[in-house]
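Worksheet: one structure, shown below.
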Amino acid sequence: MGKVFLVGAGPGDPELLSLKASRLIKEADVILTDNLVFGVKKQIPEGKKIVDVGKTAERHKLSQDEINRLLVELAVSGKYEKVVRLKGGDPFIFGRGSEEALFLKEHGVDFEVVPGISSAVAVPADFGIPLTHRGVSSSVTVVTGHEQEKEEKEEGEEGKGEEGKGEGGGLDWEAVANLRGTLVILMGAGNLARNVGRLLKHGMPAETPVAVLERGFTSDARIVVGELGNIVKLARQARVKPPAVVVVGEVVKVREKLQKSKSQNLVGSQNLQEP
Ligand SMILES: C[S@@+](CC[C@H](N)C(=O)[O-])C[C@H]1O[C@@H](n2cnc3c(N)ncnc32)[C@H](O)[C@@H]1O
(Lines give C-alpha, C1' and ligand atoms only; values in the text may rest on other atoms or scores of the structure.)
Protein backbone atom coordinates (compact mmCIF):
# COMPACT_ATOMS: atom_id res chain seq x y z
CA MET A 1 0.00 0.00 0.00
CA GLY A 2 1.15 3.53 -0.78
CA LYS A 3 1.57 6.40 1.63
CA VAL A 4 -0.11 9.80 1.25
CA PHE A 5 1.83 12.99 1.94
CA LEU A 6 -0.31 16.07 2.64
CA VAL A 7 2.22 18.66 1.54
CA GLY A 8 2.05 22.42 2.06
CA ALA A 9 3.21 24.19 -1.10
CA GLY A 10 3.56 27.56 0.63
CA PRO A 11 2.18 30.77 -0.86
CA GLY A 12 3.23 30.09 -4.46
CA ASP A 13 6.92 31.00 -4.70
CA PRO A 14 8.89 27.77 -5.36
CA GLU A 15 11.75 29.11 -3.23
CA LEU A 16 9.41 29.12 -0.24
CA LEU A 17 8.87 25.37 -0.45
CA SER A 18 10.39 23.41 2.41
CA LEU A 19 13.26 21.08 1.50
CA LYS A 20 11.01 18.17 2.40
CA ALA A 21 8.17 19.39 0.17
CA SER A 22 10.62 19.90 -2.66
CA ARG A 23 12.03 16.39 -2.27
CA LEU A 24 8.59 14.80 -2.12
CA ILE A 25 7.48 16.61 -5.29
CA LYS A 26 10.45 15.00 -7.06
CA GLU A 27 9.94 11.55 -5.54
CA ALA A 28 6.13 11.37 -5.87
CA ASP A 29 4.55 8.72 -8.08
CA VAL A 30 1.39 10.82 -8.42
CA ILE A 31 0.59 14.41 -7.37
CA LEU A 32 -2.83 15.87 -6.67
CA THR A 33 -2.68 19.68 -6.93
CA ASP A 34 -5.05 22.52 -6.17
CA ASN A 35 -5.33 26.02 -7.67
CA LEU A 36 -3.33 27.91 -5.09
CA VAL A 37 0.02 26.25 -5.70
CA PHE A 38 0.78 28.83 -8.43
CA GLY A 39 4.47 28.78 -9.47
CA VAL A 40 5.15 25.62 -7.49
CA LYS A 41 3.52 23.65 -10.34
CA LYS A 42 6.61 24.39 -12.42
CA GLN A 43 8.68 22.39 -9.93
CA ILE A 44 6.86 19.18 -10.83
CA PRO A 45 9.17 17.15 -13.05
CA GLU A 46 7.96 16.50 -16.59
CA GLY A 47 6.15 13.25 -17.13
CA LYS A 48 4.96 13.00 -13.54
CA LYS A 49 1.34 11.90 -13.17
CA ILE A 50 -0.67 14.96 -12.02
CA VAL A 51 -4.33 15.11 -11.02
CA ASP A 52 -5.64 18.70 -10.85
CA VAL A 53 -8.39 18.68 -8.24
CA GLY A 54 -8.38 22.49 -7.89
CA LYS A 55 -11.44 24.31 -6.71
CA THR A 56 -12.61 27.86 -7.46
CA ALA A 57 -15.80 29.77 -6.70
CA GLU A 58 -17.23 28.97 -10.09
CA ARG A 59 -16.30 25.36 -10.51
CA HIS A 60 -15.42 22.46 -8.32
CA LYS A 61 -13.29 20.06 -10.30
CA LEU A 62 -13.75 17.36 -7.67
CA SER A 63 -15.81 17.58 -4.50
CA GLN A 64 -14.00 17.19 -1.18
CA ASP A 65 -15.59 13.74 -0.77
CA GLU A 66 -14.31 12.74 -4.22
CA ILE A 67 -10.82 14.00 -3.35
CA ASN A 68 -10.87 12.03 -0.09
CA ARG A 69 -11.93 8.87 -1.90
CA LEU A 70 -9.40 9.39 -4.69
CA LEU A 71 -6.55 9.67 -2.18
CA VAL A 72 -7.55 6.35 -0.65
CA GLU A 73 -8.02 4.69 -4.05
CA LEU A 74 -4.59 5.81 -5.25
CA ALA A 75 -2.91 4.69 -2.04
CA VAL A 76 -4.51 1.23 -1.99
CA SER A 77 -4.24 0.63 -5.74
CA GLY A 78 -0.78 -0.84 -5.35
CA LYS A 79 0.41 1.29 -8.28
CA TYR A 80 1.78 4.25 -6.32
CA GLU A 81 4.22 4.18 -3.44
CA LYS A 82 4.18 7.94 -2.77
CA VAL A 83 0.98 9.90 -3.29
CA VAL A 84 1.54 13.65 -2.82
CA ARG A 85 -1.44 15.86 -2.10
CA LEU A 86 -0.02 19.33 -2.78
CA LYS A 87 -1.98 22.15 -1.17
CA GLY A 88 -1.53 25.94 -1.18
CA GLY A 89 0.02 27.42 1.97
CA ASP A 90 -0.26 25.10 4.94
CA PRO A 91 -2.49 22.03 4.66
CA PHE A 92 -4.00 22.56 8.11
CA ILE A 93 -4.88 26.28 7.76
CA PHE A 94 -8.26 26.43 6.03
CA GLY A 95 -6.89 23.82 3.68
CA ARG A 96 -9.16 20.91 4.57
CA GLY A 97 -6.00 18.87 5.08
CA SER A 98 -7.28 17.69 8.44
CA GLU A 99 -10.43 16.28 6.80
CA GLU A 100 -8.29 14.41 4.30
CA ALA A 101 -6.04 13.14 7.10
CA LEU A 102 -9.05 11.90 9.09
CA PHE A 103 -10.47 10.11 6.06
CA LEU A 104 -7.12 8.44 5.38
CA LYS A 105 -6.87 7.39 9.02
CA GLU A 106 -10.40 5.97 8.98
CA HIS A 107 -9.48 3.91 5.92
CA GLY A 108 -6.22 2.64 7.36
CA VAL A 109 -4.02 4.57 4.91
CA ASP A 110 -0.61 5.68 6.15
CA PHE A 111 -0.12 9.45 5.80
CA GLU A 112 2.19 12.27 6.79
CA VAL A 113 1.58 16.01 7.01
CA VAL A 114 4.29 18.32 5.67
CA PRO A 115 3.57 21.88 6.88
CA GLY A 116 3.89 24.81 4.50
CA ILE A 117 4.20 28.56 4.91
CA SER A 118 0.67 29.89 5.08
CA SER A 119 -0.41 32.75 2.83
CA ALA A 120 -1.81 34.29 6.03
CA VAL A 121 1.72 35.23 7.09
CA ALA A 122 3.73 35.08 3.87
CA VAL A 123 1.65 37.40 1.68
CA PRO A 124 1.51 40.27 4.22
CA ALA A 125 5.25 39.86 4.85
CA ASP A 126 6.01 40.13 1.14
CA PHE A 127 4.10 43.40 1.02
CA GLY A 128 5.98 44.76 4.04
CA ILE A 129 3.19 44.23 6.56
CA PRO A 130 4.34 42.59 9.82
CA LEU A 131 1.49 40.85 11.61
CA THR A 132 2.87 41.87 14.98
CA HIS A 133 4.94 44.95 15.74
CA ARG A 134 6.14 46.06 19.14
CA GLY A 135 3.95 48.82 20.48
CA VAL A 136 1.45 48.41 17.64
CA SER A 137 0.02 44.88 17.72
CA SER A 138 0.79 41.96 20.00
CA SER A 139 -1.63 39.36 18.63
CA VAL A 140 -2.82 37.91 15.34
CA THR A 141 -6.16 36.29 14.62
CA VAL A 142 -6.73 34.43 11.35
CA VAL A 143 -10.34 33.91 10.29
CA THR A 144 -12.18 32.75 7.23
CA GLY A 145 -14.09 35.40 5.33
CA HIS A 146 -16.82 33.07 4.24
CA GLU A 147 -17.96 32.02 7.64
CA GLN A 148 -21.48 32.62 8.84
CA GLU A 149 -22.01 34.90 11.77
CA LYS A 150 -23.45 33.24 14.89
CA GLU A 151 -26.91 34.79 14.65
CA GLU A 152 -27.05 34.22 10.87
CA LYS A 153 -26.36 30.57 11.48
CA GLU A 154 -29.10 30.42 14.05
CA GLU A 155 -31.43 31.92 11.46
CA GLY A 156 -30.38 29.11 9.14
CA GLU A 157 -28.69 31.22 6.50
CA GLU A 158 -26.23 29.33 4.31
CA GLY A 159 -22.63 30.54 4.22
CA LYS A 160 -21.54 31.48 0.74
CA GLY A 161 -18.07 32.35 -0.48
CA GLU A 162 -15.46 32.22 -3.14
CA GLU A 163 -14.40 28.71 -2.30
CA GLY A 164 -17.70 27.14 -1.43
CA LYS A 165 -19.51 26.63 1.83
CA GLY A 166 -18.62 28.20 5.16
CA GLU A 167 -16.29 26.35 7.48
CA GLY A 168 -19.10 25.73 9.95
CA GLY A 169 -19.16 26.62 13.59
CA GLY A 170 -20.40 30.20 13.35
CA LEU A 171 -17.77 32.86 13.84
CA ASP A 172 -18.36 35.38 16.63
CA TRP A 173 -17.79 38.57 14.62
CA GLU A 174 -18.55 40.71 17.66
CA ALA A 175 -15.59 39.14 19.46
CA VAL A 176 -13.48 39.45 16.29
CA ALA A 177 -14.35 43.14 15.94
CA ASN A 178 -13.24 43.79 19.50
CA LEU A 179 -9.84 42.12 19.30
CA ARG A 180 -7.12 44.70 19.68
CA GLY A 181 -4.47 42.99 17.57
CA THR A 182 -4.16 42.19 13.89
CA LEU A 183 -6.95 40.46 12.01
CA VAL A 184 -6.14 38.38 8.93
CA ILE A 185 -9.06 37.29 6.77
CA LEU A 186 -8.53 34.47 4.29
CA MET A 187 -11.12 33.77 1.59
CA GLY A 188 -12.31 37.30 2.24
CA ALA A 189 -12.17 39.06 -1.13
CA GLY A 190 -15.54 37.85 -2.37
CA ASN A 191 -17.31 38.78 0.86
CA LEU A 192 -15.34 41.95 1.64
CA ALA A 193 -18.41 44.20 1.92
CA ARG A 194 -20.23 41.77 4.19
CA ASN A 195 -17.27 41.25 6.50
CA VAL A 196 -16.35 44.93 6.68
CA GLY A 197 -20.01 45.61 7.49
CA ARG A 198 -19.88 43.09 10.34
CA LEU A 199 -16.74 44.67 11.82
CA LEU A 200 -18.23 48.18 11.62
CA LYS A 201 -21.54 46.97 13.05
CA HIS A 202 -19.75 45.52 16.06
CA GLY A 203 -17.86 48.70 16.78
CA MET A 204 -14.52 48.51 14.99
CA PRO A 205 -13.56 52.12 14.14
CA ALA A 206 -14.03 53.17 10.51
CA GLU A 207 -10.47 54.60 10.57
CA THR A 208 -8.91 51.17 11.18
CA PRO A 209 -6.29 50.57 8.45
CA VAL A 210 -7.00 47.74 6.01
CA ALA A 211 -4.95 46.18 3.21
CA VAL A 212 -6.24 43.78 0.58
CA LEU A 213 -3.40 41.71 -0.88
CA GLU A 214 -4.34 40.07 -4.14
CA ARG A 215 -2.55 37.12 -5.80
CA GLY A 216 0.59 37.34 -3.66
CA PHE A 217 3.79 35.85 -5.12
CA THR A 218 2.46 36.04 -8.68
CA SER A 219 3.32 38.56 -11.38
CA ASP A 220 -0.18 40.06 -10.92
CA ALA A 221 0.23 40.67 -7.18
CA ARG A 222 -1.49 43.88 -6.07
CA ILE A 223 -2.26 45.69 -2.84
CA VAL A 224 -5.14 48.02 -2.05
CA VAL A 225 -4.72 50.08 1.11
CA GLY A 226 -7.43 52.02 2.88
CA GLU A 227 -9.49 52.12 6.02
CA LEU A 228 -12.44 50.07 7.16
CA GLY A 229 -14.70 52.96 6.13
CA ASN A 230 -13.58 53.10 2.49
CA ILE A 231 -11.86 49.79 1.66
CA VAL A 232 -14.93 48.29 0.03
CA LYS A 233 -15.13 51.19 -2.41
CA LEU A 234 -11.37 51.15 -3.08
CA ALA A 235 -11.32 47.38 -3.65
CA ARG A 236 -14.33 47.63 -5.94
CA GLN A 237 -12.68 50.42 -7.94
CA ALA A 238 -9.53 48.30 -8.25
CA ARG A 239 -11.65 45.27 -9.23
CA VAL A 240 -9.99 43.08 -6.64
CA LYS A 241 -10.64 39.38 -7.10
CA PRO A 242 -9.83 36.24 -5.10
CA PRO A 243 -7.48 34.96 -3.96
CA ALA A 244 -6.63 37.76 -1.58
CA VAL A 245 -5.49 38.12 2.01
CA VAL A 246 -7.15 40.93 3.96
CA VAL A 247 -5.20 42.47 6.84
CA VAL A 248 -7.03 44.69 9.32
CA GLY A 249 -5.16 46.67 11.95
CA GLU A 250 -2.57 49.32 12.71
CA VAL A 251 0.27 47.10 11.40
CA VAL A 252 -0.85 48.04 7.88
CA LYS A 253 0.73 51.47 8.45
CA VAL A 254 4.14 49.92 9.15
CA ARG A 255 4.25 49.04 5.47
CA GLU A 256 4.81 52.71 4.64
CA LYS A 257 8.31 52.29 6.09
CA LEU A 258 9.00 48.72 4.98
CA GLN A 259 7.65 48.46 1.46
CA LYS A 260 10.16 47.51 -1.21
CA SER A 261 9.28 50.54 -3.33
CA LYS A 262 6.84 53.41 -2.93
CA SER A 263 4.54 51.98 -5.56
CA GLN A 264 4.95 48.21 -5.04
CA ASN A 265 1.85 47.12 -6.96
CA LEU A 266 -0.17 49.64 -5.01
CA VAL A 267 -3.64 50.51 -6.19
CA GLY A 268 -6.42 52.46 -4.54
CA SER A 269 -4.26 53.69 -1.71
CA GLN A 270 -4.94 56.60 0.54
CA ASN A 271 -2.30 58.21 2.70
CA LEU A 272 -2.20 56.63 6.11
CA GLN A 273 -0.65 58.25 9.15
CA GLU A 274 2.30 56.45 10.70
CA PRO A 275 1.52 54.40 13.86
C1 LIG B 1 -8.83 27.76 1.11
S2 LIG B 1 -7.78 28.97 1.78
C3 LIG B 1 -6.29 28.08 1.86
C4 LIG B 1 -5.25 28.71 2.72
C5 LIG B 1 -3.94 27.97 2.70
N6 LIG B 1 -4.06 26.68 3.30
C7 LIG B 1 -2.83 28.74 3.40
O8 LIG B 1 -2.36 28.33 4.45
O9 LIG B 1 -2.43 29.77 2.84
C10 LIG B 1 -7.56 29.99 0.35
C11 LIG B 1 -7.29 31.44 0.71
O12 LIG B 1 -5.92 31.63 1.00
C13 LIG B 1 -5.53 32.93 0.59
N14 LIG B 1 -4.41 32.80 -0.35
C15 LIG B 1 -3.73 31.68 -0.62
N16 LIG B 1 -2.69 31.94 -1.42
C17 LIG B 1 -2.73 33.27 -1.68
C18 LIG B 1 -1.91 34.15 -2.43
N19 LIG B 1 -0.84 33.71 -3.09
N20 LIG B 1 -2.24 35.46 -2.47
C21 LIG B 1 -3.30 35.92 -1.79
N22 LIG B 1 -4.11 35.14 -1.05
C23 LIG B 1 -3.82 33.82 -0.99
C24 LIG B 1 -6.76 33.59 0.00
O25 LIG B 1 -7.41 34.28 1.05
C26 LIG B 1 -7.56 32.40 -0.43
O27 LIG B 1 -8.92 32.72 -0.57
Quiz item: Considering region 206-244 alone, what residues qualify as being assigned to a loop (DSSP other than H, G, I, E, B) and among the basic types (Lys, Arg)?
Solution: ARG215, ARG239, LYS241
Quiz item: Is at least one residue of region 34-43 under 22 Å from PRO115 (Cα atoms) and modelled with pLDDT of 95 or more?
Solution: no
Quiz prompt | Matching residues, region 174-222, being more than 8 Å from the ligand (Cβ to nearest atom), within 14 Å of the chain's Cα centre (by Cα) and without any contact (Cβ under 8 Å) to a residue 40 or more places away in the chain | solution = VAL212
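Whether any residue in region 165-182 is in a strand (DSSP E or B) and at pLDDT 95 or above is what I want to check.
yes
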Quiz item: In region 17-44, which residues are basic (Lys, Arg) and touching a residue at least 12 places away in the same chain (Cβ under 8 Å)?
Solution: LYS20, LYS26, LYS42
Quiz item: Of all residues in region 112-157, which are surrounded by fewer than 21 Cβ atoms within 10 Å (Cβ to Cβ), modelled with pLDDT under 95, part of a loop (DSSP other than H, G, I, E, B) and charged (D, E, K, R)?
Solution: GLU155, GLU157
Quiz item: When residues of region 80-127 are filtered for being away from the ligand (no atom under 14 Å from the Cβ) and in contact with a strand residue (DSSP E or B) (Cβ under 9 Å, 6 or more places away or on another chain), how many remain?
Solution: 11
Self-check item: Residues that are among the hydrophobic types (A, V, I, L, M, F, W, C) and either more than 20 Å from ALA122 (Cβ to Cβ) or buried (at least 18 other Cβ atoms within 10 Å of the Cβ) (or both), drawn from region 17-28
Solution: LEU17, ALA21, LEU24, ILE25, ALA28
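The values are calculated or read from the model by the stated rules, or taken from the named source; none is laboratory data. Nothing here was measured: the structure is a model prediction, and the numbers come from that model. Cβ: placed from backbone, ideal geometry, glycine included. Neighbour counts: every protein chain shown.
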